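See below for the structure under consideration.
The values are calculated or read from the model by the stated rules, or taken from the named source; none is laboratory data. Here the structure is a predicted model, which is why all the values come from computation and not from measurement. Cβ: placed from backbone, ideal geometry, glycine included. Neighbour counts: every protein chain shown. Keep in mind that these areas ignore ligands, DNA and RNA; they rest on the heavy atoms of the full protein, side chains included. Shrake-Rupley method; radii C 1.70, N 1.55, O 1.52, S 1.80 Å.
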Amino acid sequence: DVYKRQHMKGRDYVTCRGFLTSISGGYRHLTLAITIASRNARREYGYIKSGSLLNIKLLDGKTVSLFSQGDQLGAINSSTGSTTYTIKYPIDFQKEKLLAKGDVDRVRVVWSTGYEDYEVYNVDFFQNQLSCLNQK
């Protein structure tokens, strides 16, 4: 752990950015771009299989389960030495209602090698994203 901190020079090892998309017909998707500061991410984490679980734990204790669309092997950025996985998760109306009301506590991503839990810093992410999409 000490080695990793020194080696990373203040950079986070795993970062995630996300956004919601609305497609005609009322379909909504969560897209996550998970970046791992390593060329060896596939060896360390594996990949995201189609149908892999994303568990979203809300502060009120409820859990929302989403399932990935398609395999995501990760893309290595040769200039930064990082690997980015871009994953889409469809969101149905019932799950959207739960996410619109709840603050996110943490998420669990299921990789081909196992799962990992991540702390969420932007707890009102879904509320803000859905509010924006629903303004049209």
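Determine whether Asp117 is outside any loop (DSSP other than H, G, I, E, B), out of contact with any Phe, Trp or Tyr (no Cβ under 8 Å at 6 or more places or on another chain), free of Cβ contacts under 8 Å to residues at least 12 places away in the same chain and of a type in the set (D, E, K, R). Yes. Listed by first and then second residue, the pairs with beta-carbon distance under 8 Å, at least 6 apart or on different chains, first residue in the stretch 36-58 and over 24 Å from Val104 (Cα atoms), second open to solvent by 10 Å² or more (accessible area, probe 1.4 Å) and basic (Lys, Arg), are Ala37/Arg11. Inclusion of Tyr118 among residues that are of a type outside the set (Val, Ile, Thr), under 15 Å from Tyr13 (Cα atoms), at pLDDT below 95 and out of contact with any His (no Cβ under 8 Å at 6 or more places or on another chain) is warranted. When the test is whether a residue is on the phi > 0 side of the Ramachandran plot, in contact with a Ser or Thr (Cβ under 9 Å, 6 or more places away or on another chain), open to solvent by less than 60 Å² (accessible area, probe 1.4 Å) and not hydrophobic (A, V, I, L, M, F, W, C), Gly114 does not pass it.
Yes/no per residue for (1) within 28 Å of Pro90 (Cβ to Cβ); (2) basic (Lys, Arg); (3) modelled with pLDDT of 95 or more; (4) open to solvent by 70 Å² or more (accessible area, probe 1.4 Å):
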| residue | (1), (2), (3), (4) |
| --- | --- |
| Asp1 | no, no, no, yes |
| His7 | no, no, no, yes |
| Cys16 | yes, no, no, yes |
| Gly25 | yes, no, no, yes |
| Arg28 | yes, yes, no, no |
| Arg39 | no, yes, no, yes |
| Ile48 | yes, no, yes, no |
| Lys57 | yes, yes, yes, yes |
